[in-house]
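**Student:** So that we are looking at the same thing, I have put the structure below in structure tokens.
The values are calculated or read from the model by the stated rules, or taken from the named source; none is laboratory data. The shown structure was predicted, so the numbers you read here are calculated from the model rather than taken from an experiment. Cβ placement follows ideal geometry from the backbone for every residue including glycine, while neighbour counts extend to all protein chains displayed. Heavy atoms of the whole protein, side chains included, go into the accessibility calculation; ligands, DNA and RNA do not. Shrake-Rupley method; radii C 1.70, N 1.55, O 1.52, S 1.80 Å.
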Amino acid sequence: MKQKYLILNDKKQKQIKIQEYAELNKEQLSLLCEEAYDYQNIKAAMSAGPEALVAALRTNNLYPPGIYAEKIASAVAELYKAKDQESMELFFDDINLLTKGRKTAKVVEQIEDESEDLDEILEDGYEDAFEDKDDLKKIDSPIEVADDDFNDGDDDS
């Protein structure tokens, strides 16, 4: 899913606003939510560090993944400090998030190109041990199976 975050610096109301858009339909972004943060809260969170700013920006409605949240927090800090810039846009594609951290597999052991004879692989040697099936019929068991006696599981009686 493709996402866009529009970060607005509303100087009149002394707020930073974040609008989250997502591609719900092909090639069309829809507004999911908008959150507003007072300058005082942004300034206090920025002074406490990047993790505090990420925590301050996350809400029940706006909770982006960690990588996105760090970039959003960085953009908010940059926009807060900028005197003439009024907005910033961040675009994310979840396919990049999913494939970014993948590691390539290492070859532990080379597989030989020569394959063994299929008959050798399938040869198990068990046929000789079980040729005399009469031994299986001689097993005494205290368990008896009733042919017609069964219960349908009703516990009401």
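**Student:** Quick one: which residue in 72, 67, 42 is more than 20 Å from residue 3 (Cβ to Cβ), part of a helix (DSSP H, G or I) and in contact with a strand residue (DSSP E or B) (Cβ under 9 Å, 6 or more places away or on another chain)?
**Tutor:** After ruling out the rest, the residue left standing is 42.
**Student:** Taking the stretch 30-60, which residues are among the aliphatic types (A, V, I, L, M) and under 22 Å from the mean Cα position of the chain (by Cα)?
**Tutor:** 32, 54, 55, 57
**Student:** Could you tell me which numbered condition residue 69 fails, if it satisfies all but one of (1) open to solvent by 40 Å² or more (accessible area, probe 1.4 Å); (2) free of Cβ contacts under 8 Å to residues at least 24 places away in the same chain?
**Tutor:** Here residue 69 meets the rest and fails (1).
**Student:** Output the residues belonging to the stretch 12-35 that are of a type in the set (D, E, K, R), more than 19 Å from residue 74 (Cβ to Cβ) and open to solvent by less than 90 Å² (accessible area, probe 1.4 Å).
**Tutor:** If the condition is that a residue be of a type in the set (D, E, K, R), more than 19 Å from residue 74 (Cβ to Cβ) and open to solvent by less than 90 Å² (accessible area, probe 1.4 Å), then 23, 34 are the ones that fit.
**Student:** Mind listing whichever residues of the stretch 88-97 are under 23 Å from residue 11 (Cα atoms) and either modelled with pLDDT under 95 or surrounded by 15 or more Cβ atoms within 10 Å (Cβ to Cβ) (or both)?
**Tutor:** Those that are under 23 Å from residue 11 (Cα atoms) and either modelled with pLDDT under 95 or surrounded by 15 or more Cβ atoms within 10 Å (Cβ to Cβ) (or both): 88, 90.
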